[in-house]
Amino acid sequence: MSSPSPALARAPLRTRAVRLGAGLVAVLGLVGLGSLPALPLRAQTPAAGEAALSSLSPSGGLPDKIPLSPGVERDLSQIYEQWIQWQGAFFRDQPDLSEQLVSGLLGNTRQLGLQRLSGLSIGASVRAVEAAERDADFAKATWALDAAERLDPGRPETAFARARIRLSEGRRAAALWSELDGLRRTFSAFPGSSLAGADLALWALFSLLASAGLFVALQMAVKGRLLFADLETMIGRTVSLPSPVLRFLALLLLLWPLLLPTGPLWLLLYWSALLFAHSSLSERVVLSALWALVALSPVAADHVRRRADFALSPAMRGVESLVEGRLHGQLFQDLEQLGTLMPEDPAVIQLMADLHRGLGQWDLALELYRRVVEVEPGNAWALIDIGGYYFFKRDYKNARSYYEEATVQQPNNVVAYYNLSQAFSEDRFLLDDAAAALRRAQEIDAGLVSQLQQETARQRVVTFDGGIARAPEIREKLALRLADPEPDPDLDERARDRAGGSEGSVASPTNGEAPMSGHPTAKAAAPLPFGQVPGALGAALLALLFTQLRPRNVPVGPRSGWTPYRDALVPGLASVREGRGGHAWVGLLIPTALLTLPLIERLAYPLFPIYSATGSALWIVAGVGLIVFFGARIALARLG
Amino acid sequence: MAVEGSLDLFQLPEILQIISQEHKTGILTVQGKEDIVAISFLSGRVVAADALNQTLEDGLGQVLLKRRLLTQESYEKVQVEKRRTQGRLIDVLVDTGALERSEVLDALRILTLDLLGELLDWREGEFKFYGGDEVSYEEGFRPIAIEDLLLANLPQATEKAPEESPEPPRPEPLQERLPPSVPAEPEADPATPDPAAFDPPDLTEPDLPEVTLRPPEPAKIWKPSSPAVEDPGISRVESVPIAIERERATPSRARTARTWSAEAWRQPLAWALGLFSAAALVVVLVTFPSRFLLPMVTEQREAFEESRRTASYAKIESAVRSFALMEARLPDQLEVLTHLHMLSADEVRGPLAQPLLYEVDELVYTLRPLLTEEDTAFAGSLIGDFLRDPALVRDRDARAVAPLELLD
């Protein structure tokens, strides 16, 4: 009938001293190592990216500023004038004139090779909300909003503005619906989509960490008395002291992490290590997951931060604007940033060439396409666009030579053969060659050839935005470029010159230099974030050491005397009492996630579109979710 | 080594006393009419007692319930836990916090005393003593001195027997049947035996059962009138009758007193700590989200805060530019934008909820967080914006430049 005696009682004094000493070392390690700055490891740049960045000859490179021809400037002025006129129509309440002006605006925009006017769309939305909230003129607000939608379809600001207008009308359900639509559009529009994605990732991380912390707090509430008794016993066996002193020392030993910076978080990590000994297997799994979260959260947060910074960088903004065909007042400045960062990259040069071609600035485009072909002789699309230049200049011989070269570089390129056939057909002695080229194109893709014949009836040959199509490649290279902790000093100097010459024409933090968001001269990218790994490992080590003093691994406590309803209203409590760690954490995670959802902008990044400030949709989603969650728990309690 | 005999010849009190006096270690089994009991001795004191018809755990449970040391509900819960964990009842009681270990051991002692007390009534049966070097018993169990046991059960030992038993042939008093060499009443000097008086027992007497006894040390012969002998080996000895009386009289009150002094304050403290830590966690999360996410890595935290600041400023700039597009000028103050609902009050304060200083100079504006030592100003400008820069539009019209040869 002999019972097992606690290991502590039987362990010789030396062994106990060694264990306590090791425990103290673990605790100090938890504090000390976790406070050290992270190792300044450099982000590795893949060889492909480096090769691409340095592949051009030094003679190549983009000009600092994007030159605009008088024709382009005239078109831009016209857009500005039409905008002024539209505002006049707005104030005079002339929806028909508004329609005409919007059509004119879009026509001029297409002249410049673009399709949307994002800045003017936001402006129209602002006017619409103004009409609704200040003047209660909902009819005017509606047609102004329609204009905003035409100027840039699918813009989230338009949906959020519509939500505000409907709220002013008293149509709350419709307002909520519009706000949800705005959220949906935010996820598909740049840069809101990137920031919203960052918000979701951070929200998940916050929820996991917060629920894990609440799990530890709940464990302390349920099992803290046993931990306290253990600490008293441990201290009492080492030094002989009166009970009140023992209790005080035990309390001190339990609360000392509050002295550290961000004490409550250290406290919970420390308690998680001590409570490990009193936890069931599933609870230990949860605690181990908490430590892994603590260790990996900086990695995840840094990854999210880099993506957000990347999305917010003017260079990236410029690329995305070109991809989506958005014309706004900062477009050329943003693209100049891109040119500064990667002046010799062939993909960027080709993108700029596409821009100039779209603006009608063919001479500039030709020069840039030629630079691309120098570095990338196999770039069939650049060859096709050069051929298009000569075709439009009626230099069909040169046009043919470039189209033929394109067919050699890409034998299955339908457009090359089609354009070649058009170039041949301009010479009456080469009609057979024209037919042969057309046949070859049809052999490759007859459907596409028919489509091209219909779409290019006027201009005869096809040009292609090969540079804009390389946007994914540019994004990757740009991300690597922005992440480089040791920027190129030449780039740095050019950026300074640019920023100084335009008198701060770009939005930038001005802490004495001329850095800008995402610019290489901005604060260097943070070192690789492994700084919380020592803290997590320290907690795990402390838990293992402390567990040796309490080898029993059994859950504590049968169900309490609480009624089922009270258990239902305190998620995780019953599960912790029964030692079901996984259930307890999930029970805490769901309400935590719901409660933090409306705070997502406060915790992470603000959602980019203006007018998105109400957040009522998120509160409603959270409220409904909580009602469903607790309602289900109470219903199960009644049944059980 | 085993010693066996019949209760017809030796009463249990005598047997127990011999074992006690001899400071024997071993197990005494007594087989009665309806039950078999095993008593473990350690150096002559009882450390355990088991009955075949009732398991230790059943008996312990009965004691706990009978003496109200545990409620029925709590006991059932402990049983559930025991079945689930397949552990011992004693361990489960302690691990679940239903009782302190000292309380369980006290209950076990009461159970043992009760069982021994019943055993003293037996007049028929067989006994056998197995000597050994050690016996197993519950750690922390306070051994029971035979003298105390017999004193506590004195009325039963002397009065009950004649009523219950059908007059079996009474054995001769032990002291009369001992070998003549064993002094019957060492009144003169119990502490100083006379080794010369010792003779080995005569084991050949046919009427006596075979009893093998080691040459005894000078022993004290039990007499009813003898005072209770205090065993120097037992610390904090209480007179057994008094102890039992205390347990019988106020068991719950004693337990309540012990519970309050040792346990009652720990649970509320644990709850207080849990609630405090949960509240602190929420405060840190809402007030300092970057510190919550990255409490231990300062550089990453600063980079994250700067990133959030950049995003916040970018949103403010979007609103500022939208205003400028309509009004052809920068707003005089950020509150204008909140009045137009383009930004919320929180957004105008910046990501760290710090107030922002907004300064405007024609076409250039600056945002700067107040109450911070860091120089993290943010500058925005309309210069170069072809939609918002009036000078750019004006200059365009005034410029006379030969047009480029444009292609259709």
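A compact table of results
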| read-out | value |
| --- | --- |
| Local net charge near residue A:565, Cβ-Cβ under 10 Å (Lys/Arg +1, Asp/Glu -1) | +2 |
| Amide H contacts under 5 Å for residue A:327, placed H, 5+ residues apart | A:115, A:116, A:117, A:118 |
| Cα centre as origin, Lys/Arg/Asp/Glu Cβ charges: region A:279-332 dipole, Debye | 40 debye |
| Listed residue (A:381, A:449, A:332) projecting farthest to the positive dipole end of region A:327-471, Cβ model | A:449 |
| Region A:327-471, accessible surface, carbon-and-sulfur percent (1.4 angstrom probe) | 46 percent |
| Residue B:379 long-range amide H proximity, modeled H, under 5 Å | A:508, A:510, B:367 |
| Chains B and A, summed buried accessible surface - 1.4 Å probe, Å², nearest 100 | 9300 Å² |
| Nitroxide proxy distance, nm - points 7 Å out along Cα→Cβ at residue A:395 and residue A:544 | 7.4 nm |
| Rg ratio (alpha-carbon, reference 2.2 N^0.38 Å) - region A:280-380 | 1.72 |
| Farthest toward positive dipole pole in region B:274-322 [+1 Lys/Arg, -1 Asp/Glu at C-beta], among B:322, B:279, B:311 | B:322 |
| Using alpha carbons only: equivalent-ellipsoid semi-axes of region A:327-471, gyration tensor based, whole Å | 29, 15, 14 |
| Å² of accessible area per residue within region A:327-471, as computed with a 1.4 Å probe and no ligands counted | 39 Å² |
| Cβ-defined net charge surrounding residue A:300, 13 Å radius [Lys, Arg +1; Asp, Glu -1] | +2 |
| Built amide H within the under 5 Å cut-off of residue B:130, gap 5+ | B:3, B:27, B:28, B:29 |
| Most positive-pole-ward Cα, A:183, A:102, A:91, against dipole of region A:84-224 from beta carbon charges | A:183 |
| Interface residues, region A:296-317 - accessible area loss of 30 Å² or more versus chain alone, probe 1.4 Å | A:301, A:305, A:312 |
| Local net charge near residue A:251, Cβ-Cβ under 14 Å (Lys/Arg +1, Asp/Glu -1) | +1 |
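The values are calculated or read from the model by the stated rules, or taken from the named source; none is laboratory data. Predicted model, so just to flag it, every value in this text is computed and none were measured. Backbone-built Cβ (ideal geometry, glycine too); neighbour counts: all protein chains shown. To get the accessible areas, we keep the full protein, side chains included, count just its heavy atoms, and leave off ligands, DNA and RNA. Shrake-Rupley method; radii C 1.70, N 1.55, O 1.52, S 1.80 Å.
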